[in-house]
1. For residues in segment 1-17 being of a type in the set (A, V, I, L, M, F, W, C) and either touching a helix residue (DSSP H, G or I) at 6+ places or on another chain (Cβ under 9 Å) or not in a loop (DSSP other than H, G, I, E, B) (or both), which is surrounded by the most Cβ atoms within 10 Å (Cβ to Cβ)?
2. Name the one entry in D234, D242 that is in contact with a Phe, Trp or Tyr (Cβ under 9 Å, 6 or more places away or on another chain) and of a type in the set (D, E).
3. Residue check: is A262 more than 29 Å from M154 (Cβ to Cβ), at pLDDT below 95 and surrounded by fewer than 19 Cβ atoms within 10 Å (Cβ to Cβ)?
4. What residue, among those in segment 230-259 that are touching a strand residue (DSSP E or B) at 6+ places or on another chain (Cβ under 9 Å) and charged (D, E, K, R), is surrounded by the fewest Cβ atoms within 10 Å (Cβ to Cβ)?
5. Looking at (1) in a loop (DSSP other than H, G, I, E, B); (2) of a type outside the set (F, W, Y); (3) within 16 Å of the chain's Cα centre (by Cα); (4) more than 27 Å from L37 (Cβ to Cβ), which is the one condition that is false for Q123?
6. Between a first residue in segment 13-33 that is acidic (D, E) and a second residue that is in a loop (DSSP other than H, G, I, E, B), which pairs have beta carbons less than 8 Å apart while being 6 or more apart in sequence or on different chains?
7. Taking the condition of being assigned to a loop (DSSP other than H, G, I, E, B), in contact with a Phe, Trp or Tyr (Cβ under 9 Å, 6 or more places away or on another chain) and under 24 Å from S23 (Cβ atoms), how many residues in segment 126-178 meet it?
8. Which number in (1) free of Cβ contacts under 8 Å to residues at least 60 places away in the same chain; (2) surrounded by 20 or more Cβ atoms within 10 Å (Cβ to Cβ) marks the one condition that G279 misses?
Amino acid sequence: MWDVLKPVALARGDTIGIAAPASWGERENGLRGAGILAGMGFNVRLGQAYSRRYGYLAGTDEERAEELNTLFADPGIKAILCARGGYGTGRIAELLDYDLIRNNPKVFWGYSDITFLHIAVGQYTGLVTFHGPMLIDLGKEDVNPLTIHNFSMMLAPPKRFRYTEEISPLTVLSAGEATGLLTGGNLSLLVSTLGTPFEWDTRGKIILLEDVGEEPYRVDRMLNQLRQAGKFRDAEGILIGDFCESGAAKGTNSLTLAQVFADQLLPSGKPCMAGFKIGHCSPNITIPLGIRVKMSTREKRVDGLESAVRE
């Protein structure tokens, strides 16, 4: 395991490169998102992120991997924001230059399908990355101000991550306190790492789970696989993010998501809280993956024990 590697904090006037390592997005929406970033004082470089298409992918595997490698290597790019998720990051994980990334640490930001890259980059380089809203989220006409405010986390002076019930009500599923490096993301993508060279390592960590559009039986199946693989046993604590649009189809007999979480997560005996507005939701609160955090179910909060960036 690599030591924690933090990216340099951004300053107004720095350039953010837009990458499309998964699916392609609608250009007009992306331009609106770029306008939001510009209004915050950043320069934005779209590159080819909105001009490549290969089926449901934003270009071939080689094109998308080369784009990321090039952005990490470019000293003029201070942060990399993903245009959108969708599908495809698992296909390029083997094509990334992890030595290059380790030697050129910078802010890397996204969620959903980008989860695979968060896990791969974190485990192969130690780089702290950001699970948060992407360009298409910023381009929404009804974007929540809290979603935009997240970006202050990558600015100097560094601010520590904190989540309390001031953001959203939290439910305790299993009581306790725990500390560990924060890891996780989209449940479907975490499961897809199993058996690969990038298999999710949860040992001694606080883990986050979120997803969208998955019925309870599918969530049950994925959690069951992670449980049988020892991922909950090895973790120190569990955070449940947003699972929007994940109810059972009408007219079907089904467990509730709450029952599924209880059946699959609570046998681990680890502290567990639900209700975090993290994932495919509004607001979408950013979390820095790879930093040390403390969770307390008694106080219903999660606190970063260190900043996510360095000055």
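1. Step by step, filter segment 1-17, then rank; the result is I16.
2. Residue meeting the stated conditions: D242.
3. no
4. E245
5. (1)
6. Short answer, once both residue conditions are applied: D14/F42; D14/K78; E28/G139.
7. Total meeting the criteria: 3.
8. (1)
The values are calculated or read from the model by the stated rules, or taken from the named source; none is laboratory data. These figures come from a predicted structure and were not determined experimentally. Neighbour counts run over all protein chains shown; Cβ positions are idealised from the backbone, glycine included.
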